[in-house]
Amino acid sequence: MTHPSDPRAVDPGLLGQVWANATFLRDPLGGMERIQQRYGDVVITRFPGQTFVQVADPNLAGRVLRELRDATIKDFATRVLSEVVGNGLLTNEGDSWKRQRRLAAPPFRPKALKPYTAAMVRCASRAAESFPSGDQVDVHPPLARLTLDILAQTIFGGDLEMDAARVERHLERVMAQFYRITGSWEAVLPHRLQRTIMRQLHADRDALHQVVDTLIAQRRAQGTEGPDLLSRLIEARDDEGRGMDGAQLRDEVLTLLLAGHETTALALGYALWLLAAHPEVQTRLHTEAEAVPALNDHHDLDELPFTRAVVLESMRLYPPAWLIGRELTAPTPFAGKDLGVGTQLLVPIWLLHRDARSFPDPLTFRPDRWLDGTAEAAPKGAYLPFGGGPRICIGQHFAMIEAVLSLAVLIRQLRVSPVPGFSLELLPTVTLRPRRGILLGISRR
């Protein structure tokens, strides 16, 4: 997959490898930036027993996700999640993934999502009414509860009750254990010394399995005639008339819970953070939301173009999925180098979204770039909030509708302002999380 115009991969040598590894481990986001500044867009780094390639050229990054689909699998870090979500779409591979994708895709097509918008607005309205107010409010917890509430209503329907507090507690612990295994100093420990972490991870997995299995059994017993996502997944059939077995169904539901509630909550939190720092943008968004009398129809998104632009721009500056990894399963020529099986190709979304070559004045929060054609001029691989290629997130349309409607409802009722002296610190684990929360002033309109 080498093209004449591709940047050439750089191997920085022994001393450069030591510097690059130390720089990344100490500060992954800043480390990626410094590695790119020193060595270029495609950089090979090696860790004991492993080769990594940072691919920060947008055209080449896009081709990694599209053209190398038959020579790659998900990276090691993503595969750790299979300890929790099994063979859900996030972690599955090969023919099994293709079959599951075909079964699960129809309920997530844009036209199929209209039945869920009213539930999204109801959940957002409840969240806005009960949202804590004050001079210093961490907005991440109430936003996480909001997105989990939306998933409970849309996946399971209004007639099944999910113990949201229990699910949220176990999901939070899963994220913490995942970070310990893949992003902290404990990641370099031998597997035998990670057993305590894995036992805790498996305990949370088992608790989540119990919750989801119970809800699936209840749905089967009560009938699958409703529009909820679980009913539609139960009723899905392939060309041979076969549906998902119990384990596969549970894995897909767990994948939706794990991936869906965390990423959208983060997108909303970072949007509020940016709006607090830009009161003129917040006022414009509020005016647009106020002009739409009933935010409960899918078509209302056409009446919220600026709100959509705010969400897109927020995910550009603070992408919840900050890094995509692929592992080579066959020897592959790449950017002028011959790469071996097992090489980890890392697509740094954080860098791509903040590249001045694709987005002029990249560190400035400017939602209008999504309305004036500026963002559309960027290369295809420059903006990847939901990934790219055949494995692009199946829930991307669901997530955008959820985020746009929720943000409009929240800003219609709430005003956000900065907290003097507070700075946002980021923790790049499986998602880009706030290390010390997202503290904002919250008042009611």
### Highest-MSF residue in the chain out of Ser406, Ser82, Ser314 [GNM, Cα springs under 10 Å]
Ser82
### Query
Under 5 Å between amide H atoms, partner at least 5 residues away or on a different chain: which partners does Arg433 have, H built in plane at 1.01 Å?
Leu427
#### Entry: Antiparallel bridge percentage (DSSP; both residues within the chain; nearest 5)
80
### Query
Can you sort Cys393, Cys123 by how many other beta carbons sit within 10 Å, fewest first?
Cys393, Cys123
### Summary
So, with points 7 Å from each Cα along the Cβ direction, the Asp27-Asp302 label distance in nm works out to 4.7
### Cβ-based exposure ranking for Asp75, Asp239, in which fewest neighbours within 10 Å come first
Asp239, Asp75
### Message
Need one number: nm distance between label points at Asp135 and Arg195, each 7 Å from Cα along Cα→Cβ, rounded to one decimal.
### Response
5.2
### Query
Separation of segment 214-242 and segment 1-59 by C-alpha centroid, Å?
46
## Note on the structure
If one builds a Gaussian network model of the chain from Cα atoms under 10 Å apart, the most fluctuating residue listed among Gly94, Gly388, Gly269 is Gly94
## Note on the structure
When the chain is treated as a Gaussian network with springs between alpha carbons less than 10 Å apart, the largest mean-square fluctuation among Arg433, Arg250, Arg284 is found at Arg284
#### Entry: Range in the chain, longest, excluding exposed GluC sites (Glu not before Pro) [loop by DSSP; at most 13 other beta-carbon atoms within 10 Å]
241-424
### Summary
In Å³ per residue, the alpha-carbon convex hull of segment 13-444 encloses 148
### Task
Can you give me the span-like helices of the chain, meaning DSSP H runs with 20 Å or more of Cα extent along the axis and Kyte-Doolittle mean at or above -1.0?
114-130, 140-156, 164-182, 195-222, 246-277, 396-413
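Rule-based calculations on the coordinates, nothing more; no lab input. Just so you know, these numbers come straight off a predicted model, no measurement behind them. Glycine also receives a Cβ, built like all others from the backbone with ideal geometry; neighbour counts cover every protein chain displayed.
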